[in-house]
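Report on the following structure.
The values are calculated or read from the model by the stated rules, or taken from the named source; none is laboratory data. Bear in mind the structure is a predicted one, so any value in this text is a computation, not a measurement. A quick note on method: Cβ atoms are made from the backbone with ideal geometry, for glycine too, and the neighbour counts reach across all protein chains shown. Areas reflect the complete protein model, heavy atoms only, side chains present, ligands, DNA and RNA absent. Shrake-Rupley method; radii C 1.70, N 1.55, O 1.52, S 1.80 Å.
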Amino acid sequence: MIKNITDFQNVFFIGVAGVGMSAIAQYLKGIGKEVSGSDRYFHPGEYNKTKEQLEAEGINCFLQDGSGITDKTDLIVVSTAIEDTVYEVQKAKELGIQIIKRSELLSIIAKSKKTIAVAGTSGKSTTSAMLYQILLDAQLEPSIISGAGLTSIIKQGKIGNAAIGKGEWLIIEADESDGSVVQYQPEIGLLLNIDKDHQEIDELIELFTIFKNNTNSLFVVNQSNTLAKSLSANSRNDFGFEDENAGYSAENFKQDGLSLTFEVLNQKFQMNSLGQHSVENATAAIAVANQIGIDLKTCAESLATYEGIYRRHQILGQKNDVWVIDDYAHNPAKCAASIKACQPLAEKVIAWFQPHGYKPTRFLKDDFIQEIADSLRPQDEIWMSEIFYAGGTAVKDISANDLIEGIKSKGKNAHFVEDRNDLLEALKPELKEGTVLLLMGARDPSLENFCKELFENL
């Protein structure tokens, strides 16, 4: 039974192209393991960018046909999306190879380092990336396993969601959506927020309470989020937005176009980003970094050069005096925050959203309607296309149009374009000078190209 990072050498990932899986695969390759994997998006004779990037790191990629699993394979890793009926899972069982979930492997990795686990229903990837940048600039040579690509690493031609440093610190995201947040026993636990997402609030509180109890040394929460605040261990260790209870409070926040300024403990900060939520994420990173010995001046210098992460308020550009922004927002709180963050930029925000999954959309229907409606100014608009279906068993008893009709009933400008390929034609009359077009959605691998092509054809 594999329980330690030293207990295996040859590991195979089923679904290796997924963002969470590819990050761990790259990390393990970077520390000297033999790594290979397969994915249903790999097809014979068809170019796949992720496959090319993984192979450039020395990770062997196979079709999802079982050919990559041999008697030399020590360990099989599966994501939550991989069902037992997949042929490769069956082959692994026949060969008697241990199979574990991605989150189980991440918890094994986390025990091998001094780990900072970033948790919360929103902002994990952004805060992890900011914290990584600060530790990197402080010469601590950190490692990171992230749920999104860091722009600074993507520029090196890599996927961008993992980096291996020689230092003792590892930064990871502790995910509540699959309940795996309870598996980690980090040196430092950071809780950004608690909002209804994949589970009901009482379930989330229970998960994050276990996460708190599993944290070995320092536990830091957001004093400005009511539910997160209820789990505070010591408010002087915490962060907040204009919150006198927090030891690290962001004050004097101003947004001028794409530039943010604020102060923490009288240290001035400037960042190229959008919205109050970005300031809260930055203050979370500052609170942790300062408490492991990094001075506030170094934090400020680092965040001034922070380049952001892939599809997190990623500015695609400006055409015909219309800014186009691509964002991974996918739950009610994130969509609302994303819309609000764009409002200081323009007189009018036109937001488009592609919900993912029938079950989560059904679960969050009323919250989507309420939060998006509340975030829209009278002149703003929300557009949606049909729910992204990722495969598997799903009851298709809800449409994105149900959300649109609910938002309309609250007196807001809401429109449904079933096929997203018809979106640009429908939008063009609305895209006046000085408008921001915000494109939101997650879990769909084709969204990146869709958003880029829409911008190019604007």
For this session: With θ set to phi - 60°, apply the Karplus curve 6.51 cos²θ - 1.76 cosθ + 1.60 along region 363-375 and write out the HN-Hα couplings as whole Hz, x wherever there is a Gly or Pro.
Result: 4, 9, 3, 5, 5, 4, 4, 5, 5, 5, 4, 5, 7
For this session: Using only alpha carbon pairs under 8 Å that are at least six residues apart, calculate the relative contact order of region 1-133 and give it in whole percent.
Result: 25
Exercise. Hey, quick one: spin label on residue 9, modelled 7 Å out along Cα-Cβ, who in region 42-62 has an amide N within reach, i.e. under 18 Å?
Worked result: 59-60
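Plugging the Kirkwood radius over Cα pairs into Stokes-Einstein for region 139-223, at a temperature of 25 °C and a viscosity of 0.890 mPa s, what D comes out in µm²/s?
On the way: Rh = 14.3 Å.
Estimated diffusion coefficient is 171 µm²/s.
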Problem set entry | Distance between region 277-315 and region 40-82 - C-alpha centres, whole angstrom | 34
Problem set entry | Dimensionless Rg ratio for region 103-163, taking C-alpha atoms and the 2.2 N^0.38 Å reference | 1.11
Seminar exercise, completed: For region 359-458 the GluC sites (Glu not before Pro) that pass both the DSSP coil test and the at-most-16 other-Cβ-within-10 Å test are 386, 418, 433
For this session: Round to a whole angstrom and tell me the spacing of the C-alpha centers of region 1-39 and region 162-207.
Result: 20
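Treating only the Cβ atoms of Lys and Arg (+1) and Asp and Glu (-1) as charged, compute the dipole magnitude of region 58-192 about its Cα centre; round to the nearest 20 debye. Provide the component values of the computation, followed by the final result.
Numbers: 12 positive and 16 negative charges, 78 e Å.
Here region 58-192 has a charge dipole of around 380 debye.
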Exercise. What list of ³J(HN,Hα) values in whole Hz, one per residue of region 237-251 in order, does the Karplus curve 6.51 cos²θ - 1.76 cosθ + 1.60 (θ = phi - 60°) give from phi, with Gly and Pro shown as x?
Worked result: 8, 8, 10, x, 10, 6, 10, 5, 6, 8, x, 10, 10, 7, 10
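For the chain, which whole percent of the accessible surface, found with a 1.4 angstrom probe, sits on carbon and sulfur atoms? Don't skip to the end; give the middle numbers.
Details: 8500 of 18990 Å².
On the chain, the fraction of accessible area on carbon and sulfur atoms equals 45 percent.
Can you give me the accessible area per residue for the chain, using a 1.4 Å probe, in Å²? Could the numbers behind the result be given before it?
Details: 18990 Å² over 458 residues.
The answer is 41 Å² per residue.
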Exercise. Could you sort 330, 43 by accessible area so the largest value comes first, with the probe set to 1.4 Å?
Worked result: 43, 330
For this session: Return P(r) of region 1-147 (all Cα-Cα pairs; 10 Å bins starting at 0; whole %; ordered from short to long distances).
Result: 11, 40, 34, 13, 2
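Pairs of Cα atoms under 8 Å, at least six residues apart: use those to get the relative contact order of region 221-369, whole percent. Before the final figure, lay out each step's value.
Details: 214 pairs, mean separation 21.6, N = 149.
Result for region 221-369 is 14 percent.
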Seminar exercise, completed: The alpha-carbon center of region 393-446 and that of region 323-357 are separated, in whole Å, by 11
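Less than 13 Å Cβ to Cβ from residue 399, Lys/Arg counted +1 and Asp/Glu -1: what total charge do the surrounding residues give? Let's see the in-between values first.
Working: positive: 362, 365, 396; negative: 386, 397, 402, 405, 418, 419.
Taking every other residue near residue 399 into account, the sum is -3.
Taking each pair of distinct Cα atoms in region 208-266 once, what is the resulting Kirkwood hydrodynamic radius in Å?
Working: mean 1/r = 0.0805 Å⁻¹.
Radius from the Kirkwood sum: 12.4 Å.
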Seminar exercise, completed: Net charge (Lys, Arg +1; Asp, Glu -1) of residues whose beta-carbon lies under 15 Å from that of residue 373, residue 373 excluded, is -2
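Quick one: in region 282-340, what % of C-alpha pairs are over 16 Å apart? Display every interim value, and only then the final one.
Details: 1050 of 1711 pairs.
The proportion of pairs with Cα distances above 16 Å equals 61 percent.
Provide the percentage of antiparallel DSSP beta bridges, counting only those with both residues in region 62-172; round to the nearest 5. Display every interim value, and only then the final one.
Details: 2 of 13 bridges.
Close to 15 percent.
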For this session: Along Cα→Cβ, 7 Å out, is where each label goes; now give me the distance between the ones at residue 261 and residue 234 in nm to one decimal.
Result: 3.4
Exercise. What relative contact order, as a whole-number percentage, does the chain give when Cα pairs under 8 Å and 6 or more residues apart are counted?
Worked result: 11
For this session: Could you pull the Rg and Dmax for region 249-311, using just the Cα atoms, both in Å?
Result: 10.9, 33
Exercise. From the backbone phi of region 218-231, what are the Karplus-calculated ³J(HN,Hα) couplings (6.51 cos²θ - 1.76 cosθ + 1.60, θ = phi - 60°) in whole Hz, Gly and Pro given as x?
Worked result: 10, 10, 10, 10, 8, 5, 8, 10, 3, 6, 5, 4, 5, 9
Exercise. Which loop-located GluC sites (Glu not before Pro) does region 83-113 contain, where loop means any DSSP state but H, G, I, E or B and the Cβ has at most 15 other Cβ atoms within 10 Å?
Worked result: 83
For this session: Quote the convex hull volume per residue of the chain, based on C-alpha atoms, as a whole number of Å³.
Result: 141
Exercise. Under a 1.4 angstrom probe, counting protein chains only, how are 420, 236 ranked by accessible area, largest first?
Worked result: 236, 420
Problem set entry | Net charge over other residues, Cβ less than 13 angstrom from the Cβ of residue 7 (K, R count +1; D, E count -1) | +1
